[in-house]
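What follows is one structure encoded as structure tokens, with my remarks underneath.
Every number in this text was worked out from the coordinates using simple rules, so none of it is lab data. Given the structure is predicted, the values throughout are model-derived calculations rather than measurements. A quick note on method: Cβ atoms are made from the backbone with ideal geometry, for glycine too, and the neighbour counts reach across all protein chains shown.
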Amino acid sequence: MGNKINIAIDGYSSCGKGTLAKELAKKLNYVFIDSGAMYRAVTLFLMNHNIDVLNEEAVENQLALISLEFKQSVIKDRYEIHLNGENVDAEIRELRVASKVSEVAKISAVRKKLVEMQQLIGAQKGVVMDGRDIGTVVFPTAELKIFMTASSEVRAERRYKEMIAAGKEVSFDDVRQNLMDRDNLDSSRDDSPLTLNDSYHVLDNSNLTPQEQFDLAMSWVQELLD
Ligand code: CDP
């Protein structure tokens, strides 16, 4: 496996993009970047500073004050996001952040800042990045692009269990509603909407085990690396 490639994984909210991206990165010894964590961290900053996320100009004025960094966590064997030096990797997963993040992600100035950071990270190759616009905007020439999807019931169930396991007090209906709202906003926005084209492999994992999903994706990787 001499030549490194970039792998872009896009798709709907909570359909297992992160799980697959993490496993691929581990197997290939690549870097995994959760681009959604960056949008969530910007949202958390705005909320902490009482900025109205619907006020684009106010949001834009804050961007120079936001510094993001992924740092390796020794305990958890993964990269965690730090916002202005503070580890916010757990806090950004809360529903209160999820309820605002898609409004923030609509704003072009926010996207421009984060896409520039993502492209810098990917310039060296050997990156697996998941998000909504990775194969269309961030790395349009990525060697492998995967579009993941699953039924909305399956996705809501998975995310609800994940949040309960993380000790969060949430209701199933709120979780499901948030996924639907985000999918609508992410697919309909003007700047870099969630979409796919012929260059993607589509992976519907509603009825696949994590192992089956991993094997399928690895078979696409092998075709490129052989
Ligand atoms: O983990 P989950 O699928 O629920 O979402 P995420 O990847 O953490 O992304 C959170 C939100 O950030 C999405 O709903 C999008 O609004 C935004 N996002 C985006 O616009 N572009 C990306 N490349 C990644 C995330």
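Listed values, structure above:
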{"read-out": "Cα radius of gyration and Dmax for segment 158-213 (Å)", "value": "14.7, 40"}
{"read-out": "Normalised contact order of the chain, rounded percent, pairs of Cα under 8 Å and 6 or more residues apart", "value": "33 percent"}
{"read-out": "For the chain, built as a Gaussian network whose Cα springs stay under 10 Å, the top-fluctuating residue of ALA109, ALA166, ALA25", "value": "ALA166"}
{"read-out": "Segment 4-61-segment 125-188 distance, computed between alpha-carbon centres (Å)", "value": "10 Å"}
{"read-out": "Residue exposure sequence - LEU95, LEU83, LEU20 - by fewest surrounding Cβ within 10 Å", "value": "LEU95, LEU83, LEU20"}
{"read-out": "Beta bridges by DSSP in segment 1-134, antiparallel share as percent, to the nearest 5", "value": "45 percent"}
{"read-out": "12 Å beta-carbon shell around VAL138, net charge (K/R +1, D/E -1)", "value": "0"}
{"read-out": "Net length gained if the chain between ASN84 and ASP190 were fully extended (0.36 nm per residue, minus Cα distance)", "value": "35.3 nm"}
{"read-out": "Contour minus Cα-Cα distance for SER199 and VAL74 (0.36 nm per residue)", "value": "41.4 nm"}
{"read-out": "Charge dipole (debye, nearest 20) of the chain; +1 at Cβ of Lys and Arg, -1 at Cβ of Asp and Glu", "value": "440 debye"}
{"read-out": "For segment 108-124, 3J(HN,Hα) per residue [Karplus equation, 6.51 cos²θ - 1.76 cosθ + 1.60, θ = phi - 60°, Hz, x = Gly/Pro]", "value": "4, 5, 5, 4, 4, 4, 6, 5, 4, 5, 5, 5, 5, 4, x, 4, 7"}
{"read-out": "Calculated from backbone phi, Karplus (6.51, -1.76, 1.60) coupling profile of segment 41-46 in Hz, x at Gly/Pro", "value": "5, 4, 4, 4, 4, 4"}
{"read-out": "Where the Cα pairs of the chain fall when distances are cut into 5 Å bins, in %", "value": "1, 7, 15, 19, 21, 18, 12, 5, 2, 0, 0"}
{"read-out": "Square roots of five times the Cα gyration tensor eigenvalues for segment 15-70, Å", "value": "30, 12, 8"}
{"read-out": "Segment GLU157-VAL170, length gained on full extension (0.36 nm per residue, minus Cα span)", "value": "3.5 nm"}
{"read-out": "DSSP bridge pairs, the chain: antiparallel proportion in percent, nearest 5", "value": "30 percent"}
